[in-house]
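*Asks:* After the structure tokens below, expect a handful of questions from me.
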Amino acid sequence: MTHLESHLAQLGDRQRAEVLAAFGAVRLSADPIIEASLPGLRDITLRRVVDRLLAQTGRTLVKVDAGRWTAGYTDEVVDELEAEGWQPLPEIDRALLVAVLVHSVAVPRSQGRLVGDTWMSLHPTSLAELNRMLIGPGERKAALRRLRAAGLVKIAAKGAGYLPGPQLQRLTPRARRRLEEELVMAAAPDSPLAAVIRDRRAPVSQQGDPNS
Amino acid sequence: MSSPQAWWAKIQTAGPLRVPTGDAIPGLATAYDDDGAFVWLLPDYPEGAGHATLAEIGSAPVPLEHPIETRRVMAVVLCLCWHDQMTGPWPGRPVERTTLVTAFRVLRGHGDTESARSIVSGALNQLQRAGWVLLEPQTVRLGPRVALWTATDLVELREICRDLADIRAQALGEAAL
């Protein structure tokens, strides 16, 4: 019996199957799952059990939009991994991912061409843009292959470049906000908005200190 | 020391992790490495929480690149490394990369060696990231995830290896020449 089985002990056979189907689907599916398609998501009581199972594995249900669900890492687990310095992506992969997020999401959003706090986009980052980065062609190709395999980027239609991948939909509301703040601080570190973000993140004792 | 939830996140983002045997984490499955001093930490999901539902609701996981060739390479690795099919496949035996390329070429009906080497290399990199194989410069062996295959899975996998028995013999024979 797996460790997770103990959280299913109170359920009948049918409910157990419905919970496990929903648990597997939100974990494995590249795209969010329509709530109406699975009883384990449709029924609020079963959905809570799904969320409890996910919590055991460091994840939580994330509502992507009205009626669609996926699973993402909890903010607590993200804080813990960040404090440990855990980073599974090589530096080159992160640089390319950031470039795609800037050109496909941050820039269109700042121009009003993309609304909301989503990190999905229909505005491709061109290959020419990625080729301008100081990364050798072999390393760039390998890194983009890894990012595609991880679902963090995807190829845009007609080979027009790259778009953020489906895994970006797994971000919790706080993770989406933090990612946006990081990009603001990276792209415009001297802007008033970056100053507000730094001030908000500083320890209480340093807030408002012009020398901090 | 990380929480169990953080360990889950680590093995889900980076694949199976190898730690000293004394550091095994409650709630995670383990696969002892052949020297017994280390253990691989693996996710341990209940039966029924796998991919079966995705097909039923018309959903799909992040796609593999070159899925047919990648599955073929995995089949060849399995059949070359699983030396005693009366037991489970883990940890199995390492196989020379050249032997693997030979077997893969035979499976495809021969063809260009350079192209086969390139396909095998790309497939192995994908399989390694998911923990299905472990790569050394000259050799390949099965990854710790195979330790989680159930008895039902193994029945089907033995069947695949029986179908590939001639290819296995041919590749190992050619490599021995």
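*Asks:* Got a sec? Which of A:A202, A:A188 is modelled with pLDDT under 90 and farther than 18 Å from A:V102 by Cβ?
*Replies:* Answer to the selection: A:A202.
*Asks:* Can you pull out the residues in region A:91-147 that are among the basic types (K, R), touching a residue at least 40 places away in the same chain (Cβ under 8 Å) and out of contact with any helix residue (DSSP H, G or I) (no Cβ under 7 Å at 6 or more places or on another chain)?
*Replies:* Correct list: empty.
*Asks:* Criterion first (surrounded by fewer than 17 Cβ atoms within 10 Å (Cβ to Cβ) and either touching a residue at least 60 places away in the same chain (Cβ under 8 Å) or in contact with a strand residue (DSSP E or B) (Cβ under 8 Å, 6 or more places away or on another chain) (or both)) does B:T98 satisfy it?
*Replies:* yes
*Asks:* Tally the residues that are within 8 Å of chain B (Cβ to nearest Cβ) and either touching a Gly at 6+ places or on another chain (Cβ under 8 Å) or touching a residue at least 24 places away in the same chain (Cβ under 8 Å) (or both), restricting the search to region A:3-21.
*Replies:* Residues of region A:3-21 within 8 Å of chain B (Cβ to nearest Cβ): A:3-5, A:8, A:16-17, A:20-21.
Now narrow it down to the ones that are either touching a Gly at 6+ places or on another chain (Cβ under 8 Å) or touching a residue at least 24 places away in the same chain (Cβ under 8 Å) (or both): A:3-4, A:8, A:16-17, A:20-21.
Residues that pass the stated criteria total 7.
*Asks:* Quick one: which residue in A:D51, A:D93 is under 22 Å from B:A49 (Cα atoms), modelled with pLDDT of 95 or more and among the acidic types (D, E)?
*Replies:* Selected residue: A:D51, the only one of A:D51, A:D93 that is under 22 Å from B:A49 (Cα atoms), modelled with pLDDT of 95 or more and among the acidic types (D, E).
*Asks:* Every residue in region A:85-127 that is touching a Lys or Arg at 6+ places or on another chain (Cβ under 9 Å) and within 14 Å of another protein chain (Cβ to nearest Cβ), please.
*Replies:* A:W86, A:Q87, A:P88, A:L89, A:P90, A:D93, listed by residue number.
*Asks:* Let me confirm something: among B:P20, B:P43, B:P63, B:P67, which residue is touching a strand residue (DSSP E or B) at 6+ places or on another chain (Cβ under 9 Å), under 27 Å from B:C161 (Cβ atoms) and at pLDDT below 95?
*Replies:* B:P43
*Asks:* Just to check your reading of the model, which residue among B:A55, B:A9 is within 11 Å of chain A (Cβ to nearest Cβ), in contact with a Phe, Trp or Tyr (Cβ under 6 Å, 6 or more places away or on another chain), in a helix (DSSP H, G or I) and aliphatic (A, V, I, L, M)?
*Replies:* Result of the check over B:A55, B:A9: B:A9.
*Asks:* Moving on to the next point. Quick check on A:R27: is it under 14 Å from the mean Cα position of the chain (by Cα), over 18 Å from A:R176 (Cα atoms) and assigned to a helix (DSSP H, G or I)?
*Replies:* yes
*Asks:* Tally the residues that are aliphatic (A, V, I, L, M) and under 22 Å from B:W40 (Cα atoms), restricting the search to region B:81-101. It would help to see each step written out before you state the result.
*Replies:* Within region B:81-101, the subset aliphatic (A, V, I, L, M) is B:86, B:95, B:100-101.
Now narrow it down to the ones that are under 22 Å from B:W40 (Cα atoms): B:95.
Going through region B:81-101 one residue at a time, the tally reaches 1.
*Asks:* Determine, yes or no, whether A:L54 is within 14 Å of chain B (Cβ to nearest Cβ) and surrounded by 17 or more Cβ atoms within 10 Å (Cβ to Cβ).
*Replies:* So A:L54 passes the test.
*Asks:* In region B:59-95, how many are part of a helix (DSSP H, G or I) and either in contact with a Pro (Cβ under 9 Å, 6 or more places away or on another chain) or in contact (Cβ under 8 Å) with a residue 12 or more places away in the chain (or both)?
*Replies:* Total meeting the criteria: 12.
*Asks:* Could I ask something else about it? As an exercise: evaluate B:V73 against (1) buried (at least 19 other Cβ atoms within 10 Å of the Cβ); (2) within 14 Å of another protein chain (Cβ to nearest Cβ); (3) within 30 Å of B:T99 (Cα to Cα); (4) touching a Phe, Trp or Tyr at 6+ places or on another chain (Cβ under 8 Å) and give the number of the one condition it does not meet.
*Replies:* (2)
*Asks:* What is the residue count in region B:14-46 for residues that are within 9 Å of chain A (Cβ to nearest Cβ), more than 14 Å from A:R27 (Cα to Cα) and either without any contact (Cβ under 8 Å) to a residue 40 or more places away in the chain or in a loop (DSSP other than H, G, I, E, B) (or both)?
*Replies:* 5
*Asks:* From the residues in region A:24-39 that are free of Cβ contacts under 8 Å to residues at least 40 places away in the same chain and facing another protein chain (nearest Cβ under 9 Å), which one is surrounded by the fewest Cβ atoms within 10 Å (Cβ to Cβ)? Talk me through it step by step, then tell me what you get.
*Replies:* Taking region A:24-39 and keeping what is free of Cβ contacts under 8 Å to residues at least 40 places away in the same chain, we get A:24-25, A:28, A:33-39.
This time we only want the ones that are facing another protein chain (nearest Cβ under 9 Å), so: A:24-25, A:28, A:33-34, A:37-38.
Values: A:G24: 23, A:A25: 29, A:L28: 19, A:I33: 26, A:I34: 16, A:S37: 19, A:L38: 26.
Checked region A:24-39; the qualifying residue surrounded by the fewest Cβ atoms within 10 Å (Cβ to Cβ) is A:I34.
The values are calculated or read from the model by the stated rules, or taken from the named source; none is laboratory data. This is a predicted model, so every value here is computed, not measured. When we count neighbours, we look across all protein chains shown, and the Cβ atoms used for this are built from the backbone with ideal geometry, even at glycine.
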